[in-house]
Amino acid sequence: MARRLLAMGNPAAGGDDEETRRAVLDVLADGADVVSRVLDGPGDLDRALAEHPDRDPVVLGGDGTLHRVVAALLARGELERRPVGLIPMGTGNDLARTLGIPLDPAEAARVVLTGVERPLDLLVAHEGGGGGGAGIVLNAVHVGVGAEASRQATPLKPVLRRAAYAAGALLAGVRSRGWRLRVRVDGRPVADGRRRVLMVGIGNGASIGGGTPLAPDARPDDGLADVIVSYAVSPGARLAYGVLLRLGRHPRREDVATFRGREVVIEGEPVPANADGELHPPAARRSWTLRPAAWRIIAPPP
């Protein structure tokens, strides 16, 4: 029996053009029963999911669109029974990179038809934990200079595309002095607030910003989040950290500490956050718990 799919795209996603969309839908239609919906307005997603409860959602978009679809399924109580397909058509596509989903949209559509349902972990903000709008995290969340880099990169995306984050990181790295933060992982203090922190990253997936390996060893199905705490706040240290971050070698630095766990709490000076590519305003407290195997994605076999 052909799989019943609900293909949904966000026209604002970086690579979501009409020609690519048609090519993807043609591939899907060759092996599945497909209904397509364009997500133009804020109510379109819930409406599409409600109108087609027997179809598996397929996201035509980036990490942000995927985030919104998973959040909507969670709110509807449908996350465990409706696996999600992904056609990477954003500017970052970081979860797709971690999972080995092809970045070519037509090839990714073939994976939706032939792939396996992989259970993935999910980071969920504690109620009242100051998640700053980042209620769930599929791929990664980071606070500090990385989020500031995202803020700087936002106006550059239309021109620089994937290079925008690198440019934003350079600007943020030059200007940031760090934040006094207290960090706990599974109840254990790993940063006490006395030293300034440049960045705290929590990786379910491995990369951010279109391939920057924030947590190089993170796996989104191993039941643990990878936590990176960087104290590289001096001008020279910031520059070196930024270079090594792009190469995935930053965990080797003496002023970088790494941990793994299921519960992460960040408190202290108000600091901006970036969750799954979406920027959130400064907050004095944020906390998340990892839920193992909370949702499923159609992907190549691990």
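Can you tell me how many residues in segment 273-289 are buried (at least 22 other Cβ atoms within 10 Å of the Cβ) and in a strand (DSSP E or B)? Of the residues in that region, 5 qualify. A search for C-beta distances below 8 Å between a residue of segment 173-188 that is modelled with pLDDT of 95 or more and any residue that is among the basic types (Lys, Arg), counting only pairs 6+ apart in sequence or on different chains, returns Trp179/Arg196; Arg180/Arg194; Arg180/Arg195; Arg180/Arg196; Val185/Arg260; Asp186/Arg262. For segment 246-270, the set of residues classified as closer than 22 Å to Gly205 by Cα and touching a residue at least 60 places away in the same chain (Cβ under 8 Å) consists of Arg246, Ala257, Phe259, Arg260, Gly261, Arg262, Glu263, Val264, Val265, Ile266, listed by residue number.
If you go through segment 200-227 and keep only what is assigned to a loop (DSSP other than H, G, I, E, B) and among the hydroxyl-bearing types (Ser, Thr, Tyr), you end up with just Ser207. Out of the residues in segment 70-83 that are among the hydrophobic types (A, V, I, L, M, F, W, C) and over 15 Å from the mean Cα position of the chain (by Cα), which is farthest from Val112 (Cα to Cα)? In this case the residue turns out to be Ala75.
Within the option set Ala206, Ala257, being touching a strand residue (DSSP E or B) at 6+ places or on another chain (Cβ under 9 Å), at pLDDT 95 or above, within 20 Å of Trp288 (Cβ to Cβ) and surrounded by 19 or more Cβ atoms within 10 Å (Cβ to Cβ) holds for one residue only, Ala206. Taking segment 51-64 as the search range and keeping residues that are surrounded by 24 or more Cβ atoms within 10 Å (Cβ to Cβ) and not small (Gly, Ala, Ser), which one is modelled with the lowest pLDDT? Looking at the filtered set, the residue picked out is Asp63.
Residues being touching a Lys or Arg at 6+ places or on another chain (Cβ under 9 Å), crowded, with 16+ Cβ neighbours inside 10 Å and among the hydrophobic types (A, V, I, L, M, F, W, C): count how many of those fall in segment 241-254. Here the count works out to 1. Reported count of residues in segment 98-118, each being under 21 Å from Gly31 (Cα atoms) and in a helix (DSSP H, G or I), is 10. With respect to Arg97, determine if the residue is over 20 Å from the mean Cα position of the chain (by Cα) and modelled with pLDDT of 95 or more. Considered against the rule, which asks whether it is over 20 Å from the mean Cα position of the chain (by Cα) and modelled with pLDDT of 95 or more, Arg97 comes out as no. State yes or no: is Asp226 surrounded by fewer than 21 Cβ atoms within 10 Å (Cβ to Cβ) and not assigned by TED's automatic domain parsing to the domain that holds Pro88? For Asp226, the condition - surrounded by fewer than 21 Cβ atoms within 10 Å (Cβ to Cβ) and not assigned by TED's automatic domain parsing to the domain that holds Pro88 - is not met. Selection of first residues in segment 55-72 that are over 17 Å from Arg21 (Cβ atoms) and of second residues that are among the basic types (Lys, Arg), restricted to Cβ pairs under 6 Å at least 6 apart or on distinct chains, gives the following pairs, ordered by first then second residue: Arg55/Arg4; Asp56/Arg82. Of the residues Ala218, Ala275, which is under 26 Å from Pro57 (Cα atoms) and modelled with pLDDT of 95 or more? Testing whether each residue is under 26 Å from Pro57 (Cα atoms) and modelled with pLDDT of 95 or more leaves just Ala218.
The values are calculated or read from the model by the stated rules, or taken from the named source; none is laboratory data. All figures in this text were calculated on a predicted structure; none of them were measured in a lab. Neighbour counts run over all protein chains shown; Cβ positions are idealised from the backbone, glycine included.
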